[in-house]
Amino acid sequence: MNGIIGFSVRHYISVFMFLIAFVICSVISAVVIQVDFLPKMNDRYLLINADFSGIRADEMKKLVTKPLEDSVSSIKGIKNISSVTRDGISLITLELHWRSDIDMALAECRQMINRCYEALPSGCEKPGVRIVNPHLHESMLVAIIPK
């Protein structure tokens, strides 16, 4: 390690020229190299939200979250299902495998929700589903729910 430091101190002009050449080559590479051959990073998360005002979290999980999870678990290409249930609201996140078609999964999810909606308790709003990418959007989502 002392050899590299000693060389850099003695030949500082050579080291500086090498650094300048490296920066110029990096800029030229960034401009010239085509990005056509990079893999496309598709969105692969679906978010299902269900609202049912005036119900506790444990009942919400039993009456709404579990039936929704069970109905959408048969969608092709699902890697992971996770859910968060609070008083009056349920959020279910579906993570798809990398090569899954997100539009097809969204259509299947809407069909499953339509079938499951009939079995949900009356007073529960129809669950909605949308495509999300947690890495590109906001870090925190705040929900204000009146008592």
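Anything in segment 90-99 that is under 14 Å from the mean Cα position of the chain (by Cα) and surrounded by fewer than 18 Cβ atoms within 10 Å (Cβ to Cβ)? List them, or say none.
Quick first cut of segment 90-99, residues under 14 Å from the mean Cα position of the chain (by Cα) only: 91-98.
The answer is LEU91, THR93, GLU95, HIS97, TRP98.
Which of the residues spanning segment 127-147 are out of contact with any Cys (no Cβ under 7 Å at 6 or more places or on another chain) and at pLDDT 90 or above? Explain how you work it out, then say what you get.
From segment 127-147, those out of contact with any Cys (no Cβ under 7 Å at 6 or more places or on another chain) are 127-128, 130-147; that's our starting set.
Those that are out of contact with any Cys (no Cβ under 7 Å at 6 or more places or on another chain) and at pLDDT 90 or above: PRO127, GLY128, ARG130.
Would you please name the residue that is nearest to ILE48 (Cα to Cα), looking only at residues in segment 104-128 that are open to solvent by 100 Å² or more (accessible area, probe 1.4 Å) and out of contact with any strand residue (DSSP E or B) (no Cβ under 9 Å at 6 or more places or on another chain)?
Step one: filter segment 104-128 for residues open to solvent by 100 Å² or more (accessible area, probe 1.4 Å), giving 104, 110-111, 115, 118, 122, 125-126.
If we keep only those that are out of contact with any strand residue (DSSP E or B) (no Cβ under 9 Å at 6 or more places or on another chain) too, we end up with 104, 111, 115, 118, 122.
Working: MET104: 15, GLN111: 13, ARG115: 14, GLU118: 16, SER122: 18 Å.
Among residues in segment 104-128 that are open to solvent by 100 Å² or more (accessible area, probe 1.4 Å) and out of contact with any strand residue (DSSP E or B) (no Cβ under 9 Å at 6 or more places or on another chain), the one nearest to ILE48 (Cα to Cα) is GLN111.
Might you let me know whether segment 77-96 holds any residue that is within 13 Å of ASP43 (Cβ to Cβ) and of a type in the set (A, V, I, L, M, F, W, C)?
yes
Residues are listed down the side, and each one gets a yes or a no for (1) surrounded by fewer than 16 Cβ atoms within 10 Å (Cβ to Cβ); (2) out of contact with any Leu (no Cβ under 9 Å at 6 or more places or on another chain); (3) under 30 Å from LYS147 (Cα atoms):
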site	(1), (2), (3)
TYR12	yes, yes, no
VAL32	yes, yes, no
ARG44	no, no, no
ASP51	no, yes, yes
GLY88	no, yes, yes
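Could you say whether any residue in segment 70-79 is under 19 Å from ILE144 (Cα atoms) and either modelled with pLDDT of 85 or more or exposed (fewer than 10 other Cβ atoms within 10 Å of the Cβ) (or both)?
Scanning segment 70-79, I find no residue that is under 19 Å from ILE144 (Cα atoms) and either modelled with pLDDT of 85 or more or exposed (fewer than 10 other Cβ atoms within 10 Å of the Cβ) (or both), so the answer is no.
The values are calculated or read from the model by the stated rules, or taken from the named source; none is laboratory data. Keep in mind the model is a prediction, meaning the values are calculated, not measured. Cβ: placed from backbone, ideal geometry, glycine included. Neighbour counts: every protein chain shown. Accessible surface is based on the protein model in full, side chains and every heavy atom, while ligands, DNA and RNA are left aside. Shrake-Rupley method; radii C 1.70, N 1.55, O 1.52, S 1.80 Å.
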